[in-house]
Amino acid sequence: MTRDRHRRPRGRRVVAGLAVATALVLALDLSGAVDTSPVRGLAAAGLGPLERAVGPREDKAARLRAENTRLTTRLADTEQRLAAAERADALLDTPTLRGLTLVAARVVGVGPSGPAGPERVTLDVGARDGVQTDRAVVTADGLVGRVVAVGPWTCDVLLLGGREVAVGVRVGPRGVLGEVSAAAPAGAPAPKPGTLALAPVTGGALATGDTVTTLGSPGDQPFPAGLVVGTVTAVDDARGRPTAGGVVTPAVAPATLDVVGVVLGERRAQPRPSATAGG
Amino acid sequence: MRPLGLLARTALLVLAAVLLAALAARHVRPVPDLVAVLVVGWALWRGPVAGALAGLAGGWALDLVPPGADLLGLHALVYAGAGLLAGRLRVEGPVGAARVAGTALVVSGLVEGADVLRALSVRAPVDLGEVVVRVLLTATVAALVVPLVVRAERAVVRRRFG
């Protein structure tokens, strides 16, 4: 008993010291000031073999599971490649894109989201593939955005709905001229996330359900004519403003972008032939 | 306690932690917390200081046995605190199964509660049903295993002192 009494304070001190040391290690690990991976590495080197010895052995079921996993991943990979090829084919078969020179590309990076979703994406084609800035990016459904920066193997695209993208458009069968952008014209309510504001150049004549297509730019840069931008989903009243605006739902949802095409078309070098009317 | 005895008890704690990892690798769920069972055994046999030391060693074993915990030392501190508390519940003389189970409930509840709090603090999902089953299972296993631990300790004492 006397021995016990002698020993007890020392034991208590040792335990308290160890606990303080542990708390110190925990605090260092929590703060990230010290890299604790060597400690884990030592533990793995010392205890790993023991764990392997008592761990589950490789048996027939495990081999079959591994085989299954390998085949499943291979199947998924093949399916994905097939789907990408189909999407690329669909892109090239789109009537509105007929005659345009396209280079197929994949979205490999998406920038930080703006207030209404992502505004920039990165494609896996660049200057080596003939891509230049101010080129239109399209899918089979319609216009995606325009190229704003080009690297040797990648390019950055500003999506429709980005703050600095404005597209001249024609609306509906009558071809009313207007402008589509993310920012609402002065006095009109701001468009909801995922939609664009449509400001017609002249008054009226917008109807819900009208298709919105691009007006076209000189030399097809950045936007060739006739690409689908979206559909008019609402027309607001013109109270207090010279023209009634509208809301356009884009044909392409930025969240589902995968295979896209970058329009490469050359600037026209030949004069357009003239023709005699009524002849 | 001699260094050799200390080493043997530490090895037993490490073995318990490795066993837990191996059982989890075989998809055995829920598994009783064998480390907590050992900590309860030594805390009830030798008192708070030994309980805290056993908890510290067992918690470090749980933190370090691969794949390890994401925070080194947290289990060690929680188990040490639980071991200290369990040692306070020691009584002189023979210990009944009910007291052992109750102590194991307290220890297991404390360490599981700390894990649940940590999970909640990072908004991770918590399966409270499984936690409760594990605590009850630990208490049951402790009531069965702790007498064996105490008997082994008693045998060691008897062999040393006659």
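The values are calculated or read from the model by the stated rules, or taken from the named source; none is laboratory data. Bear in mind that the values here come from a model prediction, so they are computed numbers and not experimental data. When we count neighbours, we look across all protein chains shown, and the Cβ atoms used for this are built from the backbone with ideal geometry, even at glycine. Side chains included, ligands, DNA and RNA excluded: accessible areas come from the protein's heavy atoms. Shrake-Rupley method; radii C 1.70, N 1.55, O 1.52, S 1.80 Å.
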### Query
Once you list every other residue whose beta carbon is under 12 Å from the beta carbon of A:R57, what net charge do they have if Lys and Arg are +1 and Asp and Glu are -1?
+2
### Query
Once you charge only the Cβ atoms, +1 for Lys and Arg and -1 for Asp and Glu, what is the size of the charge dipole of chain A about its Cα centre, to the nearest 20 debye?
1700
### Query
Over all directions, what mean area does the Cα convex hull of the range A:2-54 project, stated in square nanometres?
5.8
### Task
Could you do me a favour and compute the accessible area per residue for the protein assembly as shown, 1.4 Å probe, result in Å²?
57
## Note on the structure
With a 1.4 Å probe and ligands and nucleic acids left out, the total accessible area lost when B pairs with A, in Å² to the nearest 100, equals 2100
### Between 0 and 90°, nearest 10: helix B:97-121 axis offset from chain B longest Cα axis
30
### Query
the range B:17-60: which residues show an accessible-area loss of 40 Å² or more, assembly versus chain alone, 1.4 Å probe?
B:V18, B:R26, B:V49, B:L53, B:L56, B:W60
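What's the longest piece of chain A with no exposed GluC sites (Glu not before Pro), counting a site as exposed if DSSP puts it in a loop and it has at most 15 other beta carbons within 10 Å? Write down the numbers at each step before the final one.
On the way: sites that count: A:E58, A:E164, A:E266.
It runs A:59-163.
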### Query
How long is the range B:85-156 along each principal axis, judged by its Cα atoms, biggest number first, in Å?
47, 21, 21
### Message
Whole-Hz ³J(HN,Hα) for each residue in the range A:143-156, computed from phi via Karplus 6.51 cos²θ - 1.76 cosθ + 1.60 with θ = phi - 60°, x for glycine and proline: what do you get?
### Response
6, 9, x, 9, 6, 10, 8, 10, x, x, 10, 9, 9, 9
### Computed log₁₀ I(q)/I(0) - Debye formula, equal Cα scatterers, no solvent, chain B, q 0.16 Å⁻¹
-0.87
### Residue-averaged [θ]222 nm for chain B, counting only DSSP H segments that reach four residues, each worth -39500 (n - 2.57)
-27000 deg cm²/dmol
### Length gained when the stretch B:E153-B:L6 is fully extended (0.36 nm per residue, less Cα-Cα span)
51.7 nm
### Query
In the range A:96-163, which trypsin sites (Lys or Arg not before Pro) fall in coil by DSSP and have 10 or fewer other Cβ atoms within 10 Å?
A:R98
### Task
Whenever you get a sec, compute what percent of the accessible area on the protein assembly as shown sits on carbon and sulfur atoms (1.4 Å probe).
60
